[in-house]
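Visitor: Before I ask anything, let me first share the structure, which is written out below as structure tokens.
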Amino acid sequence: MLDRYKEANLLTWHSNIPENEIWIKLGGDHGRNSLKLALQIANTAHPNSKRNTIVIAMVHARDTHTNIERLFTNIHLQEQLTALQNHQWQGKSVRVILNGDYEFLTKVFGLSGAAGTFPCLWCLIKRQDINNSTTAHKASPRTLETLRADYNTFSHTYRQNKKDAAFSHNSIHAPLLDISLPNVSPPYLHILLGVVKKHHELLEQAAHSIDESLCQLTEDQLTDLGKLVKQYGGEWKTKQDMEEKLTLVKSCVTLSDTAEQKLTYSKEAEKLEIRIGSLEPQALKLRSGPIAHSLDSILEKQNSSSELP
Ligand SMILES: [Zn+2]
């Protein structure tokens, strides 16, 4: 495989890859009812491109620990990885990096998952302390050896009772692969999506508080829109839309060619006026105020302006 890349002069060394190393990423992915394993050579211009992704195994099965273990055993994955890691290519050594989503990674290393008392694959931070930066820095790192020792404790001392998983730092299976933890790549995209989601939620909250404080202002401090929100709360948009429709229908009455048309539009206008008149104010819920409402269009504009021409 490497020779093919070399012939076509495709190998590239990114700044973080030492000159005497070839990095090969082994990725696990679950989707559309199948579990896939793929290899990518990182020393290429576009390491994540489809053309650089070679699927090495695929099974139509859920990504349970048992299925992952069975797949790895059936294709002799560890033996193949050992051979790959011991392989030299033109004087360069091969380093295998494991990636995948967090659930997959925790399963490969035998942890009970992100909901456990000790959810981190790389250190022994407790879940309740994750947001505390002082404690987070002090958490001792995990290694393949500590994972194996913890699993041993779980097996022997706690007789594999999952209720006691926390006493063995949530190691409930032996690690399935001999890849050291510094060579396990955190799921960058998922983490980024999580941060963006959190940021968006905070932004919505902030916009909502501005919307709420808007309703506390006096009439003379408010624009027409502000007055509308103060009067109708969460129903301001309904009121605005209905008023717009009424204006349209009224102009249709004026512009009607026949008496029949005029009558139809007049009746519709009448109905609308009754509905507007009976509109009850509602409490301003999250995302329903005018500022929060315009967030989406602001973000959309941001998104299109950040795209490359
Ligand atoms: Zn950690």
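Visitor: Cβ-Cβ under 6 Å, sequence separation 6+ or interchain: first residue in segment 184-202 and under 20 Å from Glu103 (Cα atoms), partner among the hydrophobic types (A, V, I, L, M, F, W, C) and outside any helix (DSSP H, G or I). Which pairs?
Guide: Between residues of segment 184-202 that are under 20 Å from Glu103 (Cα atoms) and residues that are among the hydrophobic types (A, V, I, L, M, F, W, C) and outside any helix (DSSP H, G or I), the close pairs are Val184/Leu98; Ser185/Ile97.
Visitor: May I pose another question? Being over 23 Å from Pro187 (Cβ atoms) and modelled with pLDDT under 95 is true for just one of Leu84, Leu2. Which residue is that?
Guide: Leu2
Visitor: Which count do you get for residues in segment 26-38 that are under 17 Å from Ala83 (Cβ atoms) and either under 20 Å from the mean Cα position of the chain (by Cα) or open to solvent by 20 Å² or more (accessible area, probe 1.4 Å) (or both)? First the steps, then the outcome.
Guide: Taking segment 26-38 first, the residues under 17 Å from Ala83 (Cβ atoms) are 26, 37.
This time we only want the ones that are either under 20 Å from the mean Cα position of the chain (by Cα) or open to solvent by 20 Å² or more (accessible area, probe 1.4 Å) (or both), so: none.
Counting residues in segment 26-38 that are under 17 Å from Ala83 (Cβ atoms) and either under 20 Å from the mean Cα position of the chain (by Cα) or open to solvent by 20 Å² or more (accessible area, probe 1.4 Å) (or both) gives 0.
Visitor: Output the residue which, of all residues in segment 74-126 that are in a strand (DSSP E or B) and closer than 30 Å to Leu193 by Cβ, is nearest to the ligand (Cβ to nearest atom).
Guide: Cys123
Visitor: Continuing with this model, one more query. Please find, among Ile125, Ile97, the residue that is assigned by TED's automatic domain parsing to the domain that holds Thr82 and in contact with a Lys or Arg (Cβ under 7 Å, 6 or more places away or on another chain).
Guide: On the way: Ile125 fails: in contact with a Lys or Arg (Cβ under 7 Å, 6 or more places away or on another chain).
Result: Ile97 is the single residue among Ile125, Ile97 that is assigned by TED's automatic domain parsing to the domain that holds Thr82 and in contact with a Lys or Arg (Cβ under 7 Å, 6 or more places away or on another chain).
Visitor: If you scan segment 154-183, which residues turn out to be away from the ligand (no atom under 12 Å from the Cβ) and touching a residue at least 60 places away in the same chain (Cβ under 8 Å)?
Guide: Selection gives Ser171, Ile172, His173, Ala174, Pro175, Leu176, Leu177, Asp178, Ile179, Asn183.
Visitor: Is it the case that some residue within segment 67-86 is among the β-branched types (Val, Ile, Thr) and within 26 Å of the chain's Cα centre (by Cα)?
Guide: yes
Visitor: Residues of segment 135-153 being assigned to a helix (DSSP H, G or I), free of Cβ contacts under 8 Å to residues at least 24 places away in the same chain and either away from the ligand (no atom under 13 Å from the Cβ) or not hydrophobic (A, V, I, L, M, F, W, C) (or both), which ones?
Guide: Passing the criteria: Thr135, His137, Lys138, Glu145, Thr146, Ala149, Asp150, Asn152, Thr153.
Visitor: Any idea how many residues of segment 39-57 are among the small types (Gly, Ala, Ser), open to solvent by 30 Å² or more (accessible area, probe 1.4 Å) and in a strand (DSSP E or B)?
Guide: The number of residues fulfilling the criteria is 0.
Visitor: State the number of residues belonging to segment 228-256 that are among the polar types (S, T, N, Q) and open to solvent by less than 30 Å² (accessible area, probe 1.4 Å).
Guide: Number of matching residues: 1.
The values are calculated or read from the model by the stated rules, or taken from the named source; none is laboratory data. Note that this is a predicted model, so its numbers are computed, not measured. Glycine also receives a Cβ, built like all others from the backbone with ideal geometry; neighbour counts cover every protein chain displayed. Heavy atoms of the whole protein, side chains included, go into the accessibility calculation; ligands, DNA and RNA do not. Shrake-Rupley method; radii C 1.70, N 1.55, O 1.52, S 1.80 Å.
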